[in-house]
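The values are calculated or read from the model by the stated rules, or taken from the named source; none is laboratory data. Remember, it's a predicted structure, so these values are computed and weren't measured experimentally. Every residue, glycine among them, receives a Cβ derived from its backbone with ideal geometry; neighbour counts consider all protein chains shown. Accessible surface is based on the protein model in full, side chains and every heavy atom, while ligands, DNA and RNA are left aside. Shrake-Rupley method; radii C 1.70, N 1.55, O 1.52, S 1.80 Å.
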Amino acid sequence: YVHEAALSYACGFVYVRKYLSPLGLAPMAAAASQLLAATVLQAVVPPFLTWRTPEFTLEVTFSIVALGLFSTGLAYVLYFRLIGDVGATTASAVNYVVPVASVLIGVVALGESVTWNLLVGGLVVLAGVAYAANRLRQLRPKDPAPADPPARSAPETTADTPAGPPTATTPEPGAAEGAEPAAGSRPGGTEGPR
């Protein structure tokens, strides 16, 4: 069952990216929908199984609430957000960081010792995540860009030279083609000063 669970978990990232992300659902709504569906399944399936009834002490209840809020609820909000932002491959890389985080929590909270193989293993995991997310390519020095050719300067315009393309003047109505405009009139048919 371990292989099927791992395969299903990996396919989940691709499914979310391909079918759910294009819908534009808010990460909170997607996570709430998933947890609601899981709650319904959890309520329907156990009566058909031969599990013994658990005892809900204060510690057990607190643990369930804490795990539900942070390890599942908040984690799935981040899950859907990451898949939408960076894609399925990069988002799935967070699973490889779990052992590194577990070792750090064990050292800080439980006082476990750090050995050389834990450090090497952590570096291998982080390097693998960086490689999978194409981060190593970004660390390489970039080739210097070729010098841009000098820009061609635009012809200078003076007060005597119009800046735009030449425009043809329209002759006055009734004027013969090629005839000079009448004295005292401007091109376009407006009269000049008298």
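Looking for something exposed (fewer than 13 other Cβ atoms within 10 Å of the Cβ), part of a helix (DSSP H, G or I) and not charged (D, E, K, R) - is there at least one such residue anywhere in region 86-98?
Looking for residues that are exposed (fewer than 13 other Cβ atoms within 10 Å of the Cβ), part of a helix (DSSP H, G or I) and not charged (D, E, K, R), one finds at least one in region 86-98, hence yes.
Being of a type outside the set (Lys, Arg) and open to solvent by 100 Å² or more (accessible area, probe 1.4 Å) narrows it down to one of 48, 13, so name that one.
48
Looking only at region 19-40, which residues are open to solvent by 90 Å² or more (accessible area, probe 1.4 Å) and outside any helix (DSSP H, G or I)?
The answer is 25, and nothing else.
Somewhere in region 66-75, is a residue surrounded by 10 or more Cβ atoms within 10 Å (Cβ to Cβ), polar (S, T, N, Q) and touching a Gly at 6+ places or on another chain (Cβ under 6 Å)?
No, because not a single residue in region 66-75 is surrounded by 10 or more Cβ atoms within 10 Å (Cβ to Cβ), polar (S, T, N, Q) and touching a Gly at 6+ places or on another chain (Cβ under 6 Å).
Only one of these conditions is not met by residue 63: (1) at pLDDT 85 or above; (2) closer than 30 Å to residue 85 by Cβ. Which number is it?
Failed condition: (2).
Filter region 99-125 for residues that are closer than 22 Å to residue 71 by Cβ and either surrounded by 13 or more Cβ atoms within 10 Å (Cβ to Cβ) or of a type in the set (S, T, N, Q) (or both) and give the result.
Within region 99-125, 99, 100, 102, 103, 104, 106, 107, 112, 122, 125 qualify.
What are the residues in region 75-95 that are without any contact (Cβ under 8 Å) to a residue 40 or more places away in the chain and under 15 Å from residue 38 (Cβ atoms), if any?
Across region 75-95, the qualifying residue is only 75.
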